[in-house]
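Read through the structure below, which is laid out as structure tokens, and then see the notes.
The values are calculated or read from the model by the stated rules, or taken from the named source; none is laboratory data. As the structure is a computational prediction, the values presented were derived from the model and not from experiment. Glycine gets a Cβ as well: all are built from the backbone with ideal geometry, and neighbour counts include every protein chain shown. The accessibility values were calculated without ligands, DNA or RNA, using every heavy atom of the protein model including side chains. Shrake-Rupley method; radii C 1.70, N 1.55, O 1.52, S 1.80 Å.
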Amino acid sequence: MNIKLAPSLLAADFSRLGEEVKNIEEAGADYLHLDVMDGHLVPNLSFGGPVLQSLRGQSNMVFDAHLMISEPHKYVESFAKAGADIITIHVECDSDIGETLDKIHALGKKAGLALNPDAELSRAVPYFDKIDMLLIMSVYAGFGGQSYINDVNDKIREARRLLGPDFDIQVDGGVYLHNLHVPVEAGANVIVAGSAVFGSDDPAQAVRDFKA
Ligand code: DX5
Ligand code: ZN
């Protein structure tokens, strides 16, 4: 299986975003994971489209936008225009999920669907034919630096069984080098790591260690 690493910008130094992104890109990171929070779907705020747009001019990485926002249908077009390549929405959002996924595809982008740890896989199943990636949250969306919730491993295994060997299953939250084997053995192949990469003293080395 082709395992991809998606460092989450949330843990980066926001005063030097351009440099931070170039550094992990050169080190071999696959995707740049961009955590967008609206203070409504999740109890935190982060950044929005203008940050993606500024970074788009500086990087050729796949921009993986994780929209933790209540009404993604209103905003997917602006994220597509800002340069997102993959746009992931939450099953817990208030927009019509099917319509929003269709809109992402109509904009020429890949669509992802995210499940918080307490959301059953059955909530995503009706949309499997409309998504390019399933995001299984291994922490409750909203904050970096939380601990990996092992209860989600069964959900990852079941998703892998249902979606087959080649589908992208992403895991997000609390993944470090020491527990990387846990989601990978369960069947995840797109690994988000925020604190473990940008929170380390040497993010480029952290990327190389993860890739190795
Ligand atoms: C949480 C975000 C994650 C987070 C991961 O809401 O979706 O992407 O930044 O951070 P770590 O790796 O620190 O758990
Ligand atoms: Zn995320």
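Please specify each residue of segment 71-94 satisfying the condition of being of a type in the set (S, T, N, Q) and open to solvent by 10 Å² or more (accessible area, probe 1.4 Å).
Matches in segment 71-94: S78 only.
I want to confirm something. Restricting to segment 145-172 and keeping residues that are under 13 Å from F128 (Cα atoms) and within 16 Å of ligand 2 (Cβ to nearest atom), which single residue is surrounded by the most Cβ atoms within 10 Å (Cβ to Cβ)?
I169
Among the listed residues D132, D118, D168, D202, which satisfies the condition of being among the acidic types (D, E) and more than 22 Å from D30 (Cβ to Cβ)?
The match here is D118.
Take the residues of segment 105-122 that are away from ligand 1 (no atom under 16 Å from the Cβ) and out of contact with any Asp or Glu (no Cβ under 9 Å at 6 or more places or on another chain): which is most open to solvent (accessible area, probe 1.4 Å)?
The selected residue is E120.
Go through (1) free of Cβ contacts under 8 Å to residues at least 40 places away in the same chain; (2) in contact with a strand residue (DSSP E or B) (Cβ under 7 Å, 6 or more places away or on another chain) and name the single condition E25 misses.
The single condition E25 does not satisfy is (2).
Report, by residue number, each residue of segment 1-55 that is open to solvent by 50 Å² or more (accessible area, probe 1.4 Å), hydroxyl-bearing (S, T, Y) and over 14 Å from F198 (Cα atoms).
S54
Identify, by number, the condition in (1) open to solvent by less than 10 Å² (accessible area, probe 1.4 Å); (2) more than 9 Å from ligand 1 (Cβ to nearest atom); (3) not in a strand (DSSP E or B) that G142 doesn't meet.
Here G142 meets the rest and fails (2).
For V192, are the conditions met, namely being assigned to a strand (DSSP E or B), within 16 Å of the chain's Cα centre (by Cα) and near ligand 1 (Cβ under 7 Å from one of its atoms)?
Values: assigned to a strand (DSSP E or B): yes; within 16 Å of the chain's Cα centre (by Cα): yes; near ligand 1 (Cβ under 7 Å from one of its atoms): yes.
It is true that V192 is assigned to a strand (DSSP E or B), within 16 Å of the chain's Cα centre (by Cα) and near ligand 1 (Cβ under 7 Å from one of its atoms).
Working only within segment 125-139, note down all residues that are outside any helix (DSSP H, G or I), without any contact (Cβ under 8 Å) to a residue 40 or more places away in the chain and away from ligand 2 (no atom under 11 Å from the Cβ).
The answer is I131, L134.
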